[in-house]
Structure formats: C-alpha cells, structure tokens
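Presented below is the structure to which this report refers.
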Amino acid sequence: MVKCSFCERSAVYLSRASNIAYCKKHFLRYFDRKVRKVIRKYGMFRGKEHIIVAVSGGKDSLSLLHYLSRLSEKVSTWKISALLINEGISGYREVTIKDFLKVVNKLGVDYSIASFKEEFGATLDDMVKIGNERGLPYLPCSYCGVFRRYLLNKVAREMGGTVLATAHNLDDMIQTFMMNLLRNNWERIARLGPVSGVIRHPKFVRRVKPFYKIREKETTLYAILNNLYPSFVECPYAQLNVRWIIRRQLNQLEEKNPGIKYSMLNALLTILPLLREKYAEEEFLTCQICGEPSTHTICRACLFRKELGLL
Ligand code: SF4
C-alpha cells in the first residue's frame, strides 16, 4: 500500500511525473491550488462575473461545475450557471443529461439546455445521415464541434454570461495542439491559450479554461472523490476522430516517459505569445446570414447548414 507523501494516510493518487503520492485530503488540496494558480495567473475572472460553465455531463465538465460552484461560495459577486448542449446523439446524450441534472440539482445551480434540433432543425444523428446521403466529406465531430461552439457562445450571451468556462484539460489541450500541428494549422494553435485572447468581437463571450494544467486522470479522480458519479459513457462517434488515435498514443508515450505531457503543454505555452503576435491583428467578422461572430463573411455553421439543406 502506497502512503501519502504528506501524512500517514493511504494514497489515492500517485503523480509519476513528480513521484508524489496524495491521500484524498492532500489530493483535493493539490488540485485546488493548481486550479487557483491558473485562474490567478491568466486573470480568468474579474470581481463581478456571471460565469457560464459549459457542461457536457462528463467527468471533466461536472468536476468544473462542482469546483467553480464551491469556489463561488467564497466570492459573493460571482454567479454560476450551467449550460448543456444537446446535440442529439442517441444512446449517449440521454445518459449524460441525467448525470447533468443530478449534479445541477444537487448544487442548486441555474441551468439551460440548448439543442441542435431546436436551433438548427436537426439532431447530430440526422446531420450525419443527411451528410452521408449527400456525399459530404465531413466526420460527425466536424459538425458537432462547429455547431456546439456556435451555440455555446450564442446561448451563453443570451443567458447574460460575462465569461464562458470550459472544462478543457491538459490532455485535451495537447491533443488539439498535436492535431493542428499535423494539419499545419498555426492559426488554430494560436487560439489554444488558457483564455481566448485572439478573438475579439462584441458578440463573442470570453472563454476560459480553468483546468488547463490539470490532467484528465486528475479530473476523473476529483469527480469520484466528490461523489459526482458520472456514467463514463463515450460518444459513439468519438472513435472516428483522429483525436482518438492521438489520445491513445500520447497516453502510451506518457506511460513510458512520465512528464512528457507537461513538456508538450509547456512547449505550447512557449510558442503561444509568438503566434498571438502574428495572428492578433486578424479582424473578426460578423456572419452575413446569422449575425454571429465569424472568421469569414459566412460562418462555418451557416455553411454547414446550407450544405445539409437546413438553411
Ligand atoms: Fe461531438 Fe465528436 Fe465529441 Fe461526439 S466525440 S460529442 S461527435 S465532438
């Protein structure tokens, strides 16, 4: 039995990168300090905020909602609300909505659920079917990512949110970094900071990632230790995405080289200021069809809707 490095209790977590073992109490303290440090360092929240937490119902986002909800008890000028996007993924989303409702009710947090069906007239499952029938070259995650980001921003703004907090963790960040590196997409990499700083538009809700330096296994443990009981279901489309392969390979790399994920994140943080300098002046436009922020005259969501016959 491994003992905690700080007391006599049994360890619940061993960081192989630092070779430090933590019992429940010391793990939660370590977790809290690490997240607070990121929040402070990147100036994520101001004195008065209405923080909209983007929640998928999975372990990471339920942990973030729980964490920020607890933290906000100490800051009377913060209001926390949760926002879930129901893409309409049969066999998956119903389960995570149940987990979401259990946690928001337990925490007493206001929430909103927005759906692809209501906003765009079709579920993600419908879109995938239509896309296949029309011979469109996109994967389910391509539609999902574009429409979800679009709705998160629009609904967070409509809810009166001043900032949108997402549960992207260290593993998510380096996977996205790798994916964009392989595609030679530096403009996208420039947007991978802990706070969205490249995009400036009056309708764009600032985005922050408080779990930026927290590993996936740490958010999982946080969820378990706080009795959030997520169902750990995987989206049925996840395995079609290249992220699935990159995630597995990064995990294998980390297994053989503890700490390599931190090194990759530090590499990303090192080049970010240079990339931001290069892309910061880019103008963010307004979509001529829907009026939402866009990098082109017509936003990606409207282009997809056109291609799918939903506009
Ligand atoms: Fe959407 Fe892809 Fe994530 Fe499934 S795996 S929820 S389709 S982005």
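When the solvent-accessible area of the chain is split by element, carbon and sulfur atoms take up 52 percent of it, the probe being 1.4 Å.
A Förster radius of 30 Å, combined with the Cβ-Cβ distance separating residue 266 from residue 203, puts the computed FRET efficiency at roughly 0.35.
Treating cross-link reach as a plain straight distance, find the lysines whose alpha-carbon is under 19 Å from the alpha-carbon of residue 209, omitting any fewer than eight places away in the same chain. List returned: 34, 37, 41, 48, 59, 79, 154, 217, 261. When the alpha carbon gyration tensor of the range 1-134 is reduced to an equivalent ellipsoid, its three semi-axes come out at 35, 21, 14 angstrom, largest first. Taking all protein chains into account, the per residue accessible area for the chain stands at 49 Å² (1.4 Å probe). Take the Cα of residue 257, step 7 Å toward its Cβ, do the same at residue 231, and the gap between the two points is 3.8 nm. The alpha-carbon atoms of the chain define a convex hull whose volume equals 141 cubic angstrom per residue.
Note that the range 84-93 has calculated 3J(HN,Hα) couplings of 10, 9, 9, 6, x, 10, 4, x, 10, 5 Hz, one per residue in order, obtained from phi through the Karplus relation 6.51 cos²θ - 1.76 cosθ + 1.60 (θ = phi - 60°); glycine and proline are x.
Within the chain, antiparallel bridges make up roughly 30 percent of the DSSP beta bridges whose residues both belong there. Between residue 149 and residue 284, the C-beta separation translates, for a Förster distance of 22 Å, into a calculated FRET efficiency of about 0.95. Spin-label model, residue 16 to residue 306: label points 7 Å out along the Cα-to-beta-carbon direction sit 4.9 nm apart. Note on residue 158 and residue 97: their simple-model spin labels are 1.6 nm apart, each label 7 Å out from Cα toward Cβ.
The values are calculated or read from the model by the stated rules, or taken from the named source; none is laboratory data. Because the structure is predicted, anything quoted here is derived from the model rather than measured. Here Cβ is always computed from backbone atoms with ideal geometry, including for glycine, and neighbour counts include all displayed protein chains. Just the protein is used for accessible areas: all its heavy atoms, side chains included, with ligands, DNA and RNA removed. Shrake-Rupley method; radii C 1.70, N 1.55, O 1.52, S 1.80 Å.
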